[in-house]
Structure formats: C-alpha cells, structure tokens
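Enquirer: Have a look at the structure that comes next, please.
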Amino acid sequence: MKALSLEAPLQWRRIETAAPPPPGPGEALVRVDTVGICGTDLSGYLGKMPFFSYPRIPGHELGVEVLAVGPGVIQVAPGDRCAVEPYINCQVCHACKRGFTNCCEKHQTLGVHCDGGLRPQFLVPARKLHKSQTLAYEQLALVETLAIGCHAVARSQLQPQEFCLVVGAGPIGLATLEFVRLVGARTIVLDLHPGRLEFCRRQMGVAHTLQPGPNLEAELRELTDGHLPEVVIDATGSPQSMAQSFGLIAHAGRLVFVGITTEEVKFRHPIFHRPEGTLLCSRNALSADFGRIIGLIESGRLDTAPWITHRAQFDELIDVFPSYTRPETGVIKAVVAVGA
C-alpha cells in the first residue's frame, strides 16, 4: 500500500506499507479521501515542530469513508463519511478522567506522534470519527483546522463586543477568526504579509487589519477606544511575535498562545504584571468541538468555500510541497486527494 513519509526534515520518501488488518473491538477501517495540509505539517517538514517525530506518515486533517467496523462499534457504519478527530488519548490518565482529552498525558496525534493519513487506508478508534450526511470530503478535512480555532477562542473566554486581536493570518489564525465572529466580538488581525491581510478583508470580512511596526500599540489603541484588546490570540509560532504579544493586552486582558515554537519566549515581567494579564495555552481541541463545527457547516453558519486555495494529487505532493512553505505563493489551505 502506497504512503508518503517524512524521513527527516526536508526529506520526503514514497514508501510501501502493509495493508491494515480487519478492525478490532472499537476500531474502524477507513479509506482516506482528502488530507488537508496545515502549519503542523509545514513545521514538521521544516524541522520546527517540537512534537514531531521521524520517520512519520503525516496527515491529520482528514475526510474519510468508513469501510468496516469492529465488534461493539455502533456510532458509525460502512459507507459513512467522517471527519477524524486525530487526538488519540488514553482515556485513563488524570487529564482524560477530568475531560481534558486534548492534552492527555499519553497523547498521540495522528501524523505527528504516530502515522497519519497520507496513505489509502488505516485503522482508527471509532470514537474518533464524526460523521456527516451532507458534507463533502474536502469540507470534512477542514473540520480539524476549525476545531483548533474553536478551542482557542473557548480558552480565551471571549465575550460579545470585546476586542480580539488575532496575530497571524495563516490557517489557524483564520480558524480562530471564524469563532471570534460567531461570539460577536470585534476583530483586529495582525500579520506581516499584505496578501494575507487582503484575504482577511476580502474573504473574511475583517474591517481592521494591521502590519507590525513601531507604532503598533498606538494603532491598536486608536481602534480599541484607547484601552488595547481584551483578548490577544497569537497563532504565529514565532517567538518574537509571542514575546511582543505580552504588551498588547488591555488591563485584565487574556493572552492565548495557539501557535507553538521550539524556542524560548522572553518578556519583561512588568508589562504583563501591571495589567494583571492572564496567559493561556491552547492545544488541540475537544470531541464536542468536532460535532459543533460539522453542524455549523451543515447549517451554513460556517462557509468553507474561501478556505481551499490549492489542490494536489497524492503522487505530486512531494514535488509541490516546498511551495506551500512560502507565503508569497498565496497558500491559505492546500488539500491532497489521496484516492483509492
């Protein structure tokens, strides 16, 4: 069975793997139709993702078809189209028992800690499948990206009419924007790249976009009635950006890191202590987020049409993948057709 493996940073290889066995109790055998490429995949390719291990078959944003189910599986059946919740949790650790399955102490993300979906078929715990009667496979492959943004906004406890600064307008930042909008908060987007800011204005309806500069704080104050944003969500994974974000919150504000870096993040303590800031990290998402997002897309409250800007076939991915790391190519979301 064909598969694509990252042997080491910058080193793709086409490999052959054994066909999966029949599903056991609680398992489902799925056919991978569509794989979304996200920042984690790009960081893994570049060697900048701290949780990535090699060699690895990437792919955790997945639209799949159920081919067979094992004993005891009743929530899905052969023929169902599903999004995959790729966060494999142990169900017995302290975090899992408290409902924090997204940060299980023995957590394994498909395509990061264990092999993912850049292969035609594999086994997955059936409890990690979220079906839809109406969504296309490409839409189902977007659910995981949206879930990251959903969880980040939930962590921030953002309220209607509060100002929220989203730093970084890549896929995770855009997913965050969707849920800022659904809360009814007032959005500002900060990014280095004019093309991404234009996408936010044109496709996402964001009225206020900024680029970093020496007058950033003053520009923010002008947009926020003089008090800075109550919530800042940094989706960059850049230690420089993350360090700067400590000084951009209002008094009693909240800073959420949803981007990840392998480097130290340094800040001067008084700038965050004086406003009594709260720092939060947001990792992965919860099972309930997946069902919520599928419902929002099905009802038309979330429009996935603007998201996919690039498409690739499985056999051409190795050749085109390096271009996805360059912002000037205009990639918002690339998807891969894996096929049979």
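Enquirer: Counting C-alpha atoms alone, how compact is region 264-340: give Rg to one decimal and Dmax as a whole number, in angstrom.
Expert: 19.4, 57
Enquirer: Let me ask another. What is the mean projected area of the alpha carbon convex hull for the chain, to one decimal in square nanometres?
Expert: Mean shadow area of the hull around the Cα atoms is 16.7 nm².
Enquirer: Hey, which aspartates and glutamates would be in cross-link range of K131, C-alpha to C-alpha under 16 Å, not counting anything within fewer than 8 residues on its own chain?
Expert: Here the aspartates and glutamates satisfying the reach criterion relative to K131 are E27, D33, E61, E65, D80, E85, E144, D289, E298.
Enquirer: Same structure again: Give the lysines whose C-alpha is closer than 24 Å to that of K97, dropping any in the same chain fewer than 8 places away, or say none.
Expert: Of all the lysines, those that pass the test against K97 - Cα under 24 Å, at least 8 places apart if same chain - are K106, K128.
Enquirer: Taking the Cα atoms of region 215-274, what is the range of coordinates along each of the three principal axes, in descending order and whole Å?
Expert: Principal extents (Cα only, largest first): 35, 21, 20 Å.
Enquirer: Another question, if that's okay. Which of rounded, prolate, oblate describes region 300-340, given a ≥ b ≥ c as roots of the alpha-carbon gyration tensor eigenvalues and a/c under 1.5 marking rounded, otherwise prolate only if a/b is larger than b/c?
Expert: oblate
Enquirer: A further question on this structure: In whole Å, what are the extents of region 68-172 along the principal axes defined by its C-alpha atoms, from largest to smallest?
Expert: Principal extents (largest minus smallest coordinate, Cα): 48, 36, 24 Å.
Enquirer: Another question about this same structure. Let me know the Rg and Dmax you get for region 148-281 when you use only its Cα atoms, in Å.
Expert: In order Rg, Dmax, the Cα atoms of region 148-281 give 13.3, 38 Å.
Enquirer: With each run of n ≥ 4 DSSP H residues scored as -39500 (n - 2.57), what mean residue ellipticity at 222 nm is computed for the chain after dividing by its residue count and rounding to the nearest 500 deg cm²/dmol?
Expert: Rounded to the nearest 500, it is -8000 deg cm²/dmol.
Enquirer: How many angstrom separate the Cα center of region 107-152 from the Cα center of region 47-96?
Expert: Rounded to whole Å, the Cα centres lie 6 Å apart.
Enquirer: On a 0 to 90 degree scale, rounded to 10, what angle separates helix 137-156 from the longest Cα axis of the chain?
Expert: 40
Enquirer: Within a 10 angstrom radius of the beta carbon, how do M49, M1, M204, M242 rank from fewest other beta carbons to most?
Expert: Fewest-to-most Cβ neighbours within 10 Å comes out as M1, M204, M49, M242.
Enquirer: Calculate the translational D of region 133-175 in whole µm² s⁻¹ from Stokes-Einstein, where the hydrodynamic radius comes from the Kirkwood formula applied to all Cα pairs, the temperature is 37 °C and the viscosity 0.692 mPa s.
Expert: 278
Enquirer: Same structure, new question: Scan region 271-318 for trypsin sites (Lys or Arg not before Pro) in coil per DSSP, keeping those whose Cβ has at most 10 other Cβ atoms within 10 Å, and list them by number.
Expert: Working: sites: R283, R292, R301, R311; in loops: R283, R301.
Those that pass, being in a loop and sparsely packed, number zero.
Enquirer: Only sites in a loop by DSSP and with at most 13 other Cβ atoms within 10 Å count here; which trypsin sites (Lys or Arg not before Pro) in region 97-137 make the cut?
Expert: Here the trypsin sites (Lys or Arg not before Pro) that fit, given the DSSP loop and packing criteria, are R98, K106.
Enquirer: Next up: Mind sorting T309, T40 by how few other Cβ atoms lie within 10 Å of their own Cβ, fewest first?
Expert: Values: T309 14, T40 24.
Exposure proxy ranking, most exposed first: T309, T40.
Enquirer: What are the semi-axes of the equivalent ellipsoid of region 8-85, taken as the square roots of 5 times the eigenvalues of the Cα gyration tensor, listed largest first and rounded to whole Å?
Expert: Semi-axes from the Cα gyration tensor: 28, 14, 11 Å.
Enquirer: Could you work out how far the C-alpha centroid of region 306-333 sits from that of region 195-248, in angstrom?
Expert: If we compute the Cα centre of each part, the gap is 26 Å.
Enquirer: Evaluate 2.2 N^0.38 Å with N set to the residue count of region 24-63, then give the Cα radius of gyration divided by it.
Expert: For region 24-63, the normalised Cα radius of gyration is 1.42.
Enquirer: Under 5 Å between amide hydrogens, which residues at least 5 positions from L280 or on another chain qualify, with H placed 1.01 Å from N in the peptide plane?
Expert: Counting only residues 5 or more places away or on other chains, the set is L255, V256, F257.
Enquirer: Which percent, to the nearest 5, of DSSP beta bridges fully inside the chain are antiparallel?
Expert: The antiparallel fraction comes to roughly 55 percent.
Enquirer: Shifting gears a bit: Extension gain E219-R326, at 0.36 nm per residue separation less the Cα-Cα distance, in nm?
Expert: Full extension of this stretch gives 35.7 nm more.
Enquirer: I would also like to ask the following. For the Cα atoms of the chain, what angle does the longest principal axis make with the long axis of helix 171-183, in degrees from 0 to 90, nearest 10?
Expert: Approximately 70 degrees, to the nearest ten.
Enquirer: Which residues make up the longest stretch of the chain clear of GluC sites (Glu not before Pro) that lie in a DSSP loop with no more than 13 other Cβ atoms within 10 Å, not counting the sites?
Expert: 106-262
Enquirer: Work out from phi, with θ = phi - 60° and the Karplus expression 6.51 cos²θ - 1.76 cosθ + 1.60, the ³J(HN,Hα) of each residue of region 272-281, listed in order in whole Hz, and give x for Gly and Pro.
Expert: 9, 6, 4, x, 6, x, 10, 9, 10, 10
Every read-out reported here was derived from the displayed coordinates using simple, explicitly stated rules and does not represent laboratory data. Small disclaimer: the values here were computed from a predicted structure and weren't measured. Cβ sites come from the backbone with ideal geometry, for glycine too, and all protein chains shown count toward neighbours.
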